[in-house]
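See below for the structure under consideration.
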Amino acid sequence: MNTIRYNWTKEEIIQLYNKPLMDLLFEAASVHRQFHNPNVVQVSTLLSIKTGGCPEDCGYCPQAARYHTNIEGNDLMTVSQVKAQALRAKASGSSRVCMGAAWRNVKDGPEFDQVLEMVRTINKLDMEVCCTLGMITENQAKRLAEAGLYAYNHNLDSSEEYYKEVISTRGYEDRLETIENVRKTNVTVCSGGIIGMGEQIEDRAGMLVALASLNPQPESVPINALVAVEGTPLENEKPVEIWDMIRMVATTRIVMPETQVRLSAGRTQMSREGQAMCFFAGANSIFAGDKLLTTPNPDVNEDMKMFELLGLEPQKPFIKKMQPETVEAENSQYQPLGEKPKWTRPGHVIERNLEASQKGK
Ligand code: SF4
């Protein structure tokens, strides 16, 4: 009988990752069946409510203003636009809506108030609401919780060591602090990372150590395969091999048995057989819809055909945790504090990020 461990070492995780594949799959699938129904997969819809123009320098991201990509930026969506999209997502089988804004951190003010209203609106549609808005303070996390937020996403991206090779505009500890702020509320945590950024297996293991040692462990862990976008510093990275994805999913499943492991970016490059192996290895969540923020994603009908083929069912909302109550804005017990948090900046330079910023200028 497996129990949850918070003290995984990097060496143990590397050993798991490198096991003969059939042994790794068997172990992961056994853990999966102990904690989850293997025929149920959560379907979430990701909405980019504010695209592009981000001041950060994440090396993988086409939304960073400094890189020259073909992303069309847009202002914050209206509440009614978001509601219409959420209803469409619900009709096609999604139980969760994740709203992403290309912000460095949340700023109190009319735009954040609008996001809070979006959270209230979607929660009232009886769907799980998740937000990914960058770094947030404790007060902002509490305001989101009060509006009815179910989950907050903030990825660790990679190991602490490799993070320094990808992002220079904030530190790993800033990421952890936001996660800590979310944990001061009843909002669940979604945090994972990206493989295929040029990191070593040690870095993949290092990220899993960081996530698995959080107590409680994140309720959701997205595993993304880098989608190398032209114009970003990582544009020339080779596509992730399906075997790496399967090994990463299986290892994540074993070290975080209760979490929902999410197959995220990069699914368009995966065959149905590859995805089926990931589900067998313990992935039990996907993003639906033809776009993942700005990168392509399989069509929702294709996904439903795959579900039918594999005998999978979409997960109903609020299975893992009760639906939060929504407090209306006028009854809120929190005031906007207008905090301007002093986030730590490592102040170091990443050559390839600089080069990508200078290209085309
Ligand atoms: S990943 Fe997020 S924080 Fe980083 S550049 Fe893209 S939008 Fe900004």
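The values are calculated or read from the model by the stated rules, or taken from the named source; none is laboratory data. Just so it is clear, the model here is predicted, and its values are computed rather than measured. Reconstructed Cβ throughout: ideal geometry from the backbone, glycine too, with neighbour counts over all protein chains shown.
Of the residues VAL166, VAL240, VAL189, the single one that is part of a loop (DSSP other than H, G, I, E, B) and out of contact with any Cys (no Cβ under 9 Å at 6 or more places or on another chain) is VAL240. Only one of the numbered conditions (1) within 16 Å of the ligand (Cβ to nearest atom); (2) modelled with pLDDT of 95 or more; (3) crowded, with 23+ Cβ neighbours inside 10 Å; (4) within 17 Å of the chain's Cα centre (by Cα) is violated by VAL115, and that is (4). May I ask you to verify whether ARG272 is of a type in the set (Lys, Arg) and modelled with pLDDT of 95 or more? No; evaluated as a whole, the condition is false for this residue. A single entry from ARG33, ARG66 fulfils the requirement of being in a helix (DSSP H, G or I) and out of contact with any Lys or Arg (no Cβ under 6 Å at 6 or more places or on another chain): ARG33. Could we say that VAL97 is more than 16 Å from the ligand (Cβ to nearest atom), free of Cβ contacts under 8 Å to residues at least 60 places away in the same chain and β-branched (Val, Ile, Thr) here? When the stated conditions are applied, VAL97 passes them.
Of all residues in region 122-146, those satisfying the criterion of being in contact with an Asp or Glu (Cβ under 8 Å, 6 or more places away or on another chain) and not in a loop (DSSP other than H, G, I, E, B) are MET135, ASN139, GLN140.
Does THR137 satisfy the condition of being buried (at least 20 other Cβ atoms within 10 Å of the Cβ), of a type in the set (S, T, N, Q) and in contact with a strand residue (DSSP E or B) (Cβ under 9 Å, 6 or more places away or on another chain)?
Values: buried (at least 20 other Cβ atoms within 10 Å of the Cβ): no; of a type in the set (S, T, N, Q): yes; in contact with a strand residue (DSSP E or B) (Cβ under 9 Å, 6 or more places away or on another chain): yes.
No: the conditions fail for THR137.
Before we move on, is GLY53 on the phi < 0 side of the Ramachandran plot, surrounded by 14 or more Cβ atoms within 10 Å (Cβ to Cβ) and touching a residue at least 12 places away in the same chain (Cβ under 8 Å)? No; evaluated as a whole, the condition is false for this residue. Scan region 17-30 for residues that are under 25 Å from LEU310 (Cβ atoms) and not in a helix (DSSP H, G or I) and the total you get is 2.
Residue-by-condition table, conditions (1) in contact with a strand residue (DSSP E or B) (Cβ under 6 Å, 6 or more places away or on another chain); (2) within 24 Å of GLN42 (Cβ to Cβ); (3) of a type in the set (Val, Ile, Thr):
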| position | (1), (2), (3) |
| --- | --- |
| GLU160 | no, no, no |
| ILE167 | no, no, yes |
| ASN186 | no, yes, no |
| GLY196 | yes, yes, no |
| ALA210 | no, yes, no |
| ASN215 | no, yes, no |
| PRO218 | yes, yes, no |
| PRO233 | no, no, no |
| ILE242 | no, yes, yes |
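In this structure, does ARG170 turn out to be of a type outside the set (A, V, I, L, M, F, W, C), touching a Leu at 6+ places or on another chain (Cβ under 6 Å) and surrounded by 20 or more Cβ atoms within 10 Å (Cβ to Cβ)? Criteria not met by ARG170. Here is the figure for region 130-166: residues that are touching a Gly at 6+ places or on another chain (Cβ under 7 Å) and more than 21 Å from GLY338 (Cα to Cα) total 8.
Just name the residue that is nearest to the chain's Cα centre (by Cα) out of those in region 100-110 that are within 12 Å of the ligand (Cβ to nearest atom) and not in a loop (DSSP other than H, G, I, E, B). Among those that are within 12 Å of the ligand (Cβ to nearest atom) and not in a loop (DSSP other than H, G, I, E, B), it is GLY100.
In region 34-73, what residues are within 16 Å of the ligand (Cβ to nearest atom) and within 30 Å of GLU258 (Cα to Cα)?
If we filter region 34-73 for residues that are within 16 Å of the ligand (Cβ to nearest atom), which is where we start, we get 46-73.
Hits for region 34-73 are LEU46, LEU47, SER48, ILE49, CYS58, TYR60, CYS61.
Entry remark, region 125-167: residues being over 16 Å from GLU199 (Cβ atoms), more than 11 Å from the ligand (Cβ to nearest atom) and not aliphatic (A, V, I, L, M) number 14 in total.
Determine if region 1-16 includes at least one residue that is over 21 Å from the mean Cα position of the chain (by Cα), of a type in the set (A, V, I, L, M) and either within 16 Å of the ligand (Cβ to nearest atom) or not in a helix (DSSP H, G or I) (or both). Yes: region 1-16 contains one or more residues that are over 21 Å from the mean Cα position of the chain (by Cα), of a type in the set (A, V, I, L, M) and either within 16 Å of the ligand (Cβ to nearest atom) or not in a helix (DSSP H, G or I) (or both).
Of the residues LYS107, LYS90, the single one that is surrounded by 18 or more Cβ atoms within 10 Å (Cβ to Cβ) and not β-branched (Val, Ile, Thr) is LYS90.
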